[in-house]
1. Kindly state, to the nearest 0.05, the FRET efficiency for D272 paired with E29, given R0 = 45 Å and r defined as their beta-carbon distance.
2. Of all trypsin sites (Lys or Arg not before Pro) in region 506-561, which ones are in loop regions per DSSP and have a Cβ with at most 12 other Cβ atoms within 10 Å?
3. Please list the three semi-axes, largest first and in whole Å, of the ellipsoid equivalent to region 208-378, using sqrt of 5 times the eigenvalues of its alpha carbon gyration tensor.
4. Among S424, S619, rank each residue by its count of other Cβ atoms within 10 Å, from fewest to most, as a rough exposure measure.
5. Once both labels are modelled 7 Å past Cα along the beta-carbon direction, what's the I6-E450 spacing in nm?
6. Return the lysines within reach of K680: Cα separation strictly under 25 angstrom, same-chain partners fewer than 8 residues apart disregarded; answer none if there are no such residues.
7. With a Förster radius of 35 Å, plug the Cβ-Cβ distance of V211 and D303 into 1/(1 + (r/R0)^6) and report the FRET value to the nearest 0.05.
8. Please pull out the direction-averaged projected area of region 413-484, using the convex hull of its alpha-carbon atoms, in nm² to one decimal place.
Amino acid sequence: MLQDAIDLQNRAVNELYSLLQNSNSKKNEFTFRAPTGSGKTFMMADLINRIISANKDIVFLISTLSKGNLAEQNYEKFEQYKSSGKFPNLNTYLINTNISGEESLFIPTTYNVYLLPRDLFKKGGRLMQGAMQNFLNTMTFNPFLGGLGKRFILIKDECHIATNNLDSISDEYFEKIINFSATPNLRRGQNPDVQIADEEAVNSCLIKRVVLGDENDTVEAAINKFESIKDNYRNLLGVNPCLIIQISNKDKADYELNNIIFPTLNKIEHQDLKWMLIVDDEKKCNTNDVFKAKKMPVKKWKDYAKENTSGIDIIIFKMVITEGWDIPRACMLYQVRDTKSDQLDEQVIGRVRRNPRLLDFENLNIDAQKLAMTAWIWGILPIRKKKTFAVKPIDEYYDVKSEISIKTTRLKNLSKKANFSIDSFIATKNEDDNFKSIFALYRRLMQSDEHVKNMCYEYSNSIQKWIKFTSHVEEIETEANKFLCDYSKSMTLNESDTGIILSSLPIESYYTDNGNYLLIDDWLWKRKDGQVKFSFDSEAEWDWASRLKDLTSKINSNKQTIVKCRLFGRKNPRYGQPTLLDEPEPKYLNATNKFLWAKNYVSNSEIKYEYYLKGSHFSYPDFIVKDSYDRIHLFEVKSVNISSEVNIDRDSYIAKVAELKKCYKEASRLTGYYFYLPIKKDDSWQISCYFNGLESTLTFDQFVQLISKR
């Protein structure tokens, strides 16, 4: 294996390990993105081995979300890594339900890595009917509650697939969550914290480079190309190559098979090719390999087909092998179906991008290396990936933190309410005569909001007080909800022992290319690649950004520069005062009293305001403005236009907007800032404005007048 490939994998694991070990990080969920074929399972095992080596109390649950046998494959690989001595700290257990009758499902507690197959945690499954929660309780409860006191980290393998049942208990049991995927779901916030770019993986020879076939090429053109390289593949690489053909689901599949694929395969010139049809219904699976595949059970076909010496030339499938099926000998893909999904395309492409001679690649001659590093693909247009762009605040001659220092708010626990005592409150309640086990009390506590849990942890310095609290948790929860929803009593500024905490733009953030482009060279962000092209999440957000940009240009052009360069508040170290002497002209913002603005990118942002709506949430205002008179303006942009709000739950949307209005009203009183809810309807804007605890409704022209004048 080339040292470049080893170094690339090691660098990625080092970065992810450092993030997880960073005690100052407030994040509890991280995403690792690596292209299929780059050794994701190996890097996962390496990471787990390092963490367990440093902390024996950590236990991993790996949810394998693929429809295939990914859990079993991961288990087998982990066992191989351990037995070879690579990762000796792994002690793995494959959770399964291979039990008979009504026998209770039991998960042993002596392992440190548990692999959970996809079908076991689906709704209604036996595992999710109590066995999993009992296991987690036993592992995580403090010893005085009868538990082992372990700390869980959840790894979501193929995290782009939703796991609502696991997500519903994540806050209760998992200290950290690590997402692994070649195609993380950006809409669910799975923005990569660490990633191996496709180009890096190709350059280090971990995965193949892609050669796209002509969009007018037929299946026969792909088969002809396959036959032209077949002998070279065998002679130079010692591997039987494979062509994968992907067909549609449901009714279109029969048409594609009977009118496109089989008529081609049945031609005399192609009759020597061995093919295999693998679909989710075993009765419909088929092959012309009568001497080998026909003699084994269908469930063994995949294992046979992926072997480097397999005689199967062509594998035809629907969507049953998009994830979790390693077949390095596959070098060509022809897609008949049109998925209209970049994510599915990426998963399918991954099947043909593995390097079949990765471990001894350096021993191949130049022709063999070139062949091993090429994948031919038809039917998939160049992938329309949504790119992620890193950004950082402008810092050349400009101290962003001194200019943008924002007060934020949080909600206090009920225990901080004036004249409130948990003991006194509980004393007024009737005792419940129905006995509840300590496990039942714990489960009920875990269903509560974080505010209630924190109250319990602060109050319970003994098992007796813990039982006292949890026995009345429903009543405490009701009282807490009443208090939290009254922002005049529960909301407070974020403070520390030394005073009010001020937040600014993070030292680094990123955004996803969602279209809605705008060229901006006069705001507080710059892209790391130097470009001034920025993307916004919605048409409404783009519209508002366009207006702020125009407003910035208009206001700043009317301002006269009082001082050529003040270094924006930083004193000259020689004289202790702002100076005009020998200071270079700033590259971006070159005058005092400027109208400054920025997008509040959620990644790494601490500019947020807590509100309560069936639980605690944070509002991250979309935009921040500091006007020419040092006033702070914060904007949460919304839209009621159907086209911009796909699949929106109208009731939830209305409830959220109402709660944000309450939150911003009180936050404006505490901070002295202007808060806005600009809501776009058709082509016009209705702007709710909050200042000093008062609400007003503005048109856009009125907003411009307000922000432009003292």
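A short reminder: the numbers here are calculations on the coordinates, not readings from a lab. Remember, predicted model here, so these are calculated numbers, not experimental data. Counting neighbours? That spans all protein chains shown, and the Cβs are built from the backbone with ideal geometry, glycine included.
1. Numbers: r = 52 Å, r/R0 = 1.15.
Result of the calculation: an efficiency of 0.30.
2. Filter output for region 506-561: K528.
3. Semi-axes from the Cα gyration tensor: 24, 18, 16 Å.
4. S424, S619
5. With each label point 7 Å from Cα toward Cβ, the separation is 4.2 nm.
6. Answer for K680, where 25 Å is the Cα cut-off: K533, K549, K554, K599, K608, K626, K638, K656, K661, K662, K665, K709, listed by chain and number.
7. Once rounded, the FRET efficiency stands at 0.75.
8. Working: hull surface 18.5 nm².
Result: 4.6 nm².
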